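Novice: Okay, handing you the structure first.
The values are calculated or read from the model by the stated rules, or taken from the named source; none is laboratory data. This one's a predicted model, so the numbers in the text were calculated from it and none came from an experiment. Here the Cβ positions follow ideal geometry from the backbone for every residue, glycine too, while neighbour counts run over all protein chains shown.
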């Protein structure tokens with residue numbers, strides 16, 4: 001006897017939190033280049049379909065789900081959200097990155113790359129802190145005290161995380177272009193390479209943004 005099953009996709013990345021995203025990434029990596037297995041994992045996590053039913057899908061339905069998932073996963077171009085609310089508390093994104101505290105700078109740059117991985121929630125906890133003062137678009141947030149609550153940001157939806165991630169990507173690209181344009185035609189000191197290596201740690205990290213596992217699975 002055939003059983004009719006209704007399958008639904010999330011409407012947006014706002015329906016997926018960081019914890020689920022990281023769990024999916026971990027599972028996808030375990031199956032390497034097995035595209036069908038990776039699609040099955042995505043169907044299980046994102047559509048809520050028990051794995052025992054996936055093998056019973058006909059090829060046409062499987063391909064329809066595969067195409068729908070790929071289209072959904074490509075929509076990651078979210079804007080930066082300067083304000084988010086977690087457990088009733090309003091958090092604001094670091095309003096002045098050019099004047100970020102030394103402690104926050106050190107704690108962010110200790111990671112080899114800035115990517116949406118197991119360290120990302122820690123970075124978000126540094127960049128988003130409770131709002132203490134707000135007047136229209138101008139606001140202040142709590143000074144960085146070195147306390148990182150990464151568990152808190154595991155529950156934040158992925159549209160917020162992608163917005164912050166994309167912001168860093170665009171920032172690094174614009175900074176690199178600006179530096180190169182500024183240096184054209186200049187008489188540079190012989191030790192410029194060493195100077196840039198010492199002072200450009202953040203630039204180096206931002207230029208090494210990793211491609212998300214979702215996009216790799218699409219390939």
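Novice: For the condition part of a loop (DSSP other than H, G, I, E, B), under 20 Å from the mean Cα position of the chain (by Cα) and within 26 Å of residue 14 (Cβ to Cβ), what is the one hit in 123, 148?
Specialist: Criteria check complete, one pass: 148.
Novice: Filter segment 95-125 for residues that are over 12 Å from residue 153 (Cβ atoms) and buried (at least 18 other Cβ atoms within 10 Å of the Cβ) and give the result.
Specialist: 104, 108, 114, 115
Novice: Further question on the same structure: Kindly indicate whether any position in segment 172-186 is over 20 Å from residue 106 (Cα atoms), at pLDDT 90 or above and under 21 Å from the mean Cα position of the chain (by Cα).
Specialist: The answer is no, given that none of the residues of segment 172-186 is over 20 Å from residue 106 (Cα atoms), at pLDDT 90 or above and under 21 Å from the mean Cα position of the chain (by Cα).
So that you can scan it fast, the table gives a plain yes or no per residue for (1) within 18 Å of residue 154 (Cβ to Cβ); (2) crowded, with 20+ Cβ neighbours inside 10 Å; (3) touching a helix residue (DSSP H, G or I) at 6+ places or on another chain (Cβ under 9 Å):
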site: 4; (1), (2), (3): no, no, no
site: 9; (1), (2), (3): no, no, yes
site: 14; (1), (2), (3): yes, no, yes
site: 17; (1), (2), (3): yes, no, yes
site: 21; (1), (2), (3): yes, yes, yes
site: 33; (1), (2), (3): no, no, no
site: 36; (1), (2), (3): no, no, yes
site: 42; (1), (2), (3): no, yes, yes
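Novice: Only one of these is free of Cβ contacts under 8 Å to residues at least 12 places away in the same chain and in a helix (DSSP H, G or I): 26, 19. Name it.
Specialist: 26
Novice: Check off (1) surrounded by 13 or more Cβ atoms within 10 Å (Cβ to Cβ); (2) in the same structural domain as residue 22 (by TED's automatic domain parsing); (3) in contact with a helix residue (DSSP H, G or I) (Cβ under 7 Å, 6 or more places away or on another chain) for residue 51 and give me the number that stays unchecked.
Specialist: Evaluating residue 51 over (1) surrounded by 13 or more Cβ atoms within 10 Å (Cβ to Cβ); (2) in the same structural domain as residue 22 (by TED's automatic domain parsing); (3) in contact with a helix residue (DSSP H, G or I) (Cβ under 7 Å, 6 or more places away or on another chain) leaves (1) as the failure.
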